[in-house]
Amino acid sequence: MTSTTELRRVLYGLPGVDEFGARARAARLATRSVKNESKAAAIDLAISMVDLTTLEGADTPGKVRALCGKAVHTAPGAPTVGAVCVYPDLVKVAVEALADTGVGIASVATAFPSGRAPLAVKLADTRQAVLDGATEIDMVIDRGAYLAGDYAKVFDEITAVKDACGDAHLKVILETGELATYDNVRRASWLAMLAGADFIKTSTGKIQPAATAPVVLVMLEAVRDFAAERGRIVGVKPAGGIRTTKDALKMLVQVREVAGPRWLDPALFRIGASSLLNDLLMQREKLATGVYSGPDYFSLD
Amino acid sequence: MTFADGYAPAPESTSVVDLRADYGLFIDGAFTAAKETFETVNPATEEVLAEVALAGAEDVDRAVAAARTAFENVWGPMPGAERAKYLFRIARLIQERSRELAVLESLDNGKPIRETRDFDLPQVAAHFFYHAGWADKLEHAGYGTTPLGVAAQVIPWNFPLLMLAWKIAPALACGNTVVLKPAETTPLTALAFAEICRQAELPPGVVNIVTGAGETGRLLVEHPGVDKVAFTGSTAVGKSIARSVAGTSKRLGLELGGKGANIVFDDAPLDEAVEGIVNAIFFNQGHVCCAGSRLLAQESVAEELLARLRARMATLVVGDPLDKNTDVGAINSAAQLARIRELVDAGTAEGAEVWAPSCDLPERGFWFAPTVFTEVAASHRIAREEIFGPVLSVLTFRTPAEAVEKANNTPYGLSAGIWTEKGSRILAVADKLRAGVVWANTFNQFDPASPFGGFKESGHGREGGRQGLEAYLAQS
């Protein structure tokens, strides 16, 4: 066990983030112009990084099966998405629909999205999802404990969930919209990585603001620095509010220039989104044919 | 091509610019030819862009006379609220034509289109809007409301249109008329501005533009018919202008060179500090008088900071100024490139360690890769002389007192930067720095409302803000 005092020393020993500077850097990267063959390559890369998501109370097995179909049959010649992301009770449906496709099965767990449940419940939630066939678990951190300064509690929960994941990859959702400051985003990123996260993820998608460009920038800096200092490569997953190809390309520019080209890989960068995929497919067709098709030419899920 | 390899070319179209084969002088509201001409070239390709008139003594006489007549009969007596209307009109025309002006500036100067589009042109328009607002409120500025008369203004090549705006906007707002000489290597946007003056129906003679080299500038500032001399450029030329103006009744404003210290303390926000260092020295190819050309890094963090800086420098895109992804464009002239090379050679010869990321520079044109020197001693030429190029000299310090001492140990005093998360240290250090502008946790930020100017050999007088108005008003 690592104590709150020890964790505090590590987290507060990290360089601060100047808010103005972080925003300015993100804004400047957003002016990169991605055209022609670069754009074509980036769109296909982005498609392969999508965690196609449905996280609604109204989700049904039929809805999930349809989504899985979309995940595999994106467009002729286009890659499949990275994973499908569903609530734990629908993991079995996704497993069946995605058998032998290579598409990952991600499930949110740990009393998503608020994380307000006893640890035993969170662990049971995780174990069941893994047992049902989830290959990736998206957990939420206890933001209340984080904001109260109880870093050991957050750390211990992540290690316990990581343990419960077994071979499944663990993505740790920081819910940056509730952490509020970029300093907190950097510290929470390190806390999650120190505790064993395979991925750090911005948001649940249920809280605004979600995956803003400066937040993703700070998290990419964190994985870059963590790799250099500790020798372990951790992935990043922005989620929430990423709807257009333009948004996705801006993210990829950041990945390339901030973390480095090594992270331009669906094993290390994912984009959690529901409506983004169709925009990527539309832009892909536009590049190939020179004309835009109407939205009705693309299946909704 | 994979996305990791880099970005496909994304050049801005030049079709928006209607480049003429030759340009005349703008005197008394009309373009007129001169006896001689000179060529202006695109520094990224060395192609000749246009032939430009070279103003001689007679031309300067006519320009000053036109400015005098306009001052006495039209512009001086005009109520401030009326002058403001012209300035607002000019500001809006600049915004309307900003894409054209941005491309033209990049062609003639070599700076990246990203900077002309996102920095130069918005700032140019902002300066005219800001000073248009002052024109009818001068009695509230505290320097009186009486204009000086005819202003002779000589500007450099690093921010051609922006320096024009810094000079012309306050002069006109205060009721003066101007004769402006743009730099020899970058006359084109000033001549496009002359067209804008005509479009705005500015009365003839209020703005006159005489193109030429050093001799034209000398004729202008030494002309007995001017009441005010405003110069931005090198300290050497500034000193000679000061000597020529001494003993006359002319008012003088000088904005000269710099060797700005960018001080990074060990508790700095490091990622943003790296970004600030890059912005301080590689912005505009380092052709910036207030560039942070000396990095003072606290020894305890220097190694980590430099590792991050080198990694960041490797991502800078150097090349075609018109490509929207270019970060560092062309050096403005062969002469400036030679000056940079001379100082870089001196740095190596004196024992400093040079490093630059590998980048493919175009074969034609004037280019210099972003470069950083470590192991620099305060006595080296590269630590003392203004290089005016994308070359950073890194020195280290151990205590705040040593940082201040080193930062101030220069004949210049234009700008400085402080990087620390500790607010009290920012205030304490800023208080001791002898520099006209001190930025805290940022660098190279500009606003028309903020006065700018130097200490010591970086010049005197302020431009911008309420304080900048003083330079163009006669206090009785």
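Bear in mind that the values in this text are calculations on the coordinates, not laboratory data. Since the model is a prediction, treat every value here as computed from it, not as a measurement. Backbone-built Cβ (ideal geometry, glycine too); neighbour counts: all protein chains shown.
Summary of computed values
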read-out	value
Between segment B:220-296 and segment B:411-434, the alpha-carbon center distance in angstrom	17
Inter-part distance where segment A:109-168 and segment A:1-59 are each reduced to a Cα centre, Å	21
Taking the convex hull of Cα positions in the protein assembly as shown, its mean projected area over all directions (nm²)	35.4
Ranked B:161, A:55, criterion: other C-beta atoms within 10 Å, fewest first	A:55, B:161
In Hz, Karplus ³J(HN,Hα) per residue of segment B:444-460 (6.51, -1.76, 1.60; θ = phi - 60°; x = Gly, Pro)	6, 9, 10, 8, x, 7, 9, x, 9, x, x, 9, 6, 7, 8, x, 9
Inter-label distance, nm, simple model (7 Å from Cα along the C-beta direction), residue B:369/residue A:286	3.8
Average silhouette area of chain A, convex hull of alpha-carbon atoms, in square nanometres	14.9
Cα gyration tensor shape for segment B:190-312, rounded if a/c is under 1.5, else prolate or oblate	prolate
Degrees between helix B:188-199 axis and first principal axis of chain B (Cα, 0 to 90, nearest 10)	40
Estimated dipole of the protein assembly as shown in Debye, rounded to 20 [Cβ of Lys and Arg +1, of Asp and Glu -1, Cα centre]	1120
Per-residue Cβ neighbour rank within 10 angstrom, fewest leading, B:290, A:85	B:290, A:85
Segment B:261-440 - Debye-derived log10 I(q)/I(0), Cα point model, q = 0.10, 0.15, 0.20 Å⁻¹	-0.36, -0.82, -1.42
Extension gain, residue B:334 back to residue B:19 (0.36 nm per residue minus Cα-Cα distance, nm)	111.1 nm
Förster radius 60 Å - calculated FRET efficiency between residue B:81 and residue A:117, Cβ distance, rounded to 0.05	0.35
Amide hydrogen neighbours beyond the local backbone of residue A:173, cut-off 5 Å, H modeled	A:139, A:140, A:141, A:201
log₁₀ of I(q)/I(0) at q = 0.08, 0.09, 0.11, 0.14 Å⁻¹ - chain B, Debye sum with one point per alpha carbon	-0.46, -0.59, -0.88, -1.36
Over segment A:1-93: Rg over Rh, Cα atoms, Kirkwood Rh	1.17
Residues in segment A:1-35 that a label on residue B:267 would reach, taking backbone N under 16 Å of a point 7 Å out along Cα→Cβ	A:9-18
Sequence-distant lysines (8 or more away, or on other chains) whose Cα lies within less than 17 Å of residue B:250	B:167, B:228, B:239
Theoretical gain in end-to-end length, residue B:427 to residue B:249 [0.36 nm per residue, Cα-Cα removed]	60.2 nm
Two-site FRET efficiency, residue B:354 against residue B:236, from Cβ-Cβ distance with R₀ of 25 Å, rounded to 0.05	0.45
Whole-angstrom gap from segment B:360-380 to segment B:1-41, using each part's C-alpha centre	27
Prolate/oblate/rounded label for segment A:186-301 (Cα gyration tensor, a/c 1.5)	prolate
Alpha carbon Rg of segment B:42-145, scaled by the compact-globule rule 2.2 N^0.38 Å	1.38
